[in-house]
Amino acid sequence: MMLAEAPPLARNVIDIRAATKVYGMGDIQVHALRGVSLAVERGDYVAIMGASGSGKSTLMNIIGCLDAPTEGEYYLDGADVNALGDSELADIRNRGIGFVFQSFNLIPRTSALANVELPLMYAGMKKAQRRERALAALEALGLADRVDHHPNELSGGQQQRVAIARAIVTSPAIVLADEPTGALDSVSSTEVLRIFDQLNQFGRTVIVITHEQEVADHAKRVVRLHDGSIYDDVRRAAVIGPPPMAPGRVA
């Protein structure tokens, strides 16, 4: 499987500076993040790890523009995210970042093809063009014979591949995955991680939120959180992920 290469842009696609996140009101406050600073170079492959309550999900929501820090700065492709309006943030979530979730988040009574077309429809793409792109994405992920199947007619691994096709169909620079293998068996997990490996090989910035060391072993860099702070940030000397998949192409 060959994937469209990301365009060469600014070196740091993500630049978070002294971000804090506090939930609650009055005397009852939860400090989910405590002054986190994180810069991610374009084309990197980063695993963010931590136990439940460590702040990794909060950090993911901030990276994905699903939430904003209580204090601190976030620059995405050099743009100050805190200064962006709702429509600009929505556009980033639709085009700039491809989301992959543990629970797949597919629309139940809708075909695989229609699920993958959805972000293109929101982007205003014409029907024929979005169908062509969605079909290409599904074919590249080995699902050409499943385009008309609904999620309940697909295995967990196939559903996650549909979700990945939906995430990459807009050719985002960043793929952000939250526990992407958490609901999969070992064979499907290996298949999904191989896809992330190749997405990164062809220039996509991949960020995976995980508590599984086997998943983190595919990343080039591992960031560990504890009690809302980064306590370890290591670039790995070698990545032990599986070899690339067979050639193909996603526009």
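The values are calculated or read from the model by the stated rules, or taken from the named source; none is laboratory data. Keep in mind it's a predicted model, so treat the numbers as computed, not measured. Note that we place each Cβ from the backbone using ideal geometry, even for glycine, and neighbour counts take in every protein chain shown.
Given 138, 184, which one is out of contact with any Ser or Thr (no Cβ under 6 Å at 6 or more places or on another chain) and not in a helix (DSSP H, G or I)?
Details: 138 fails: not in a helix (DSSP H, G or I).
Being out of contact with any Ser or Thr (no Cβ under 6 Å at 6 or more places or on another chain) and not in a helix (DSSP H, G or I) holds for just one of 138, 184, which is 184.
So is residue 130 crowded, with 20+ Cβ neighbours inside 10 Å and either in a helix (DSSP H, G or I) or of a type in the set (A, V, I, L, M, F, W, C) (or both) or not?
On the way: crowded, with 20+ Cβ neighbours inside 10 Å: yes; either in a helix (DSSP H, G or I) or of a type in the set (A, V, I, L, M, F, W, C) (or both): yes.
Judged against the criteria, residue 130 is a match.
Among the candidates 221, 194, which residue alone is in contact with a Pro (Cβ under 6 Å, 6 or more places away or on another chain) and closer than 21 Å to residue 99 by Cα? Break it down into steps so the answer makes sense when it comes.
Details: 221 fails: in contact with a Pro (Cβ under 6 Å, 6 or more places away or on another chain).
Exactly one residue qualifies, and that residue is 194.
Being in a helix (DSSP H, G or I) and aliphatic (A, V, I, L, M) is the filter here; which residues of region 141-181 pass it? Even if it seems obvious, please write down each step before you answer.
First pass over region 141-181, keeping only residues in a helix (DSSP H, G or I): 144-146, 151-153, 156-168.
144, 162, 163, 164, 165, 167, 168 - these are the residues of region 141-181 that are in a helix (DSSP H, G or I) and aliphatic (A, V, I, L, M).
Is it the case that region 111-127 has a residue that's of a type in the set (D, E, K, R) and under 24 Å from residue 20 (Cα atoms)?
Start the filter on region 111-127 by keeping residues that are of a type in the set (D, E, K, R), which leaves 117, 126-127.
Remaining after also requiring under 24 Å from residue 20 (Cα atoms): none.
No - not one qualifying residue is present in region 111-127.
With among the polar types (S, T, N, Q) and free of Cβ contacts under 8 Å to residues at least 24 places away in the same chain as the only criterion, which of 186, 171 stands out? Full working, then the answer.
On the way: 171 fails: free of Cβ contacts under 8 Å to residues at least 24 places away in the same chain.
Sole residue among the options that is among the polar types (S, T, N, Q) and free of Cβ contacts under 8 Å to residues at least 24 places away in the same chain: 186.
Could you please let me know if residue 199 is buried (at least 20 other Cβ atoms within 10 Å of the Cβ) and under 13 Å from the mean Cα position of the chain (by Cα)? Steps first, please.
Values: buried (at least 20 other Cβ atoms within 10 Å of the Cβ): yes; under 13 Å from the mean Cα position of the chain (by Cα): yes.
The answer is yes for residue 199.
Go through (1) assigned to a loop (DSSP other than H, G, I, E, B); (2) surrounded by fewer than 16 Cβ atoms within 10 Å (Cβ to Cβ) for residue 214 and report which single condition fails.
(1)
Among the residues of region 23-73, write down those that are at pLDDT 95 or above and among the β-branched types (Val, Ile, Thr).
Within region 23-73, 36, 40, 46, 48, 58, 62, 63, 70 qualify.
Working only within region 111-163, note down all residues that are more than 17 Å from the chain's Cα centre (by Cα) and of a type in the set (Lys, Arg).
126, 127, 130, 131, 133, 146, listed by residue number.
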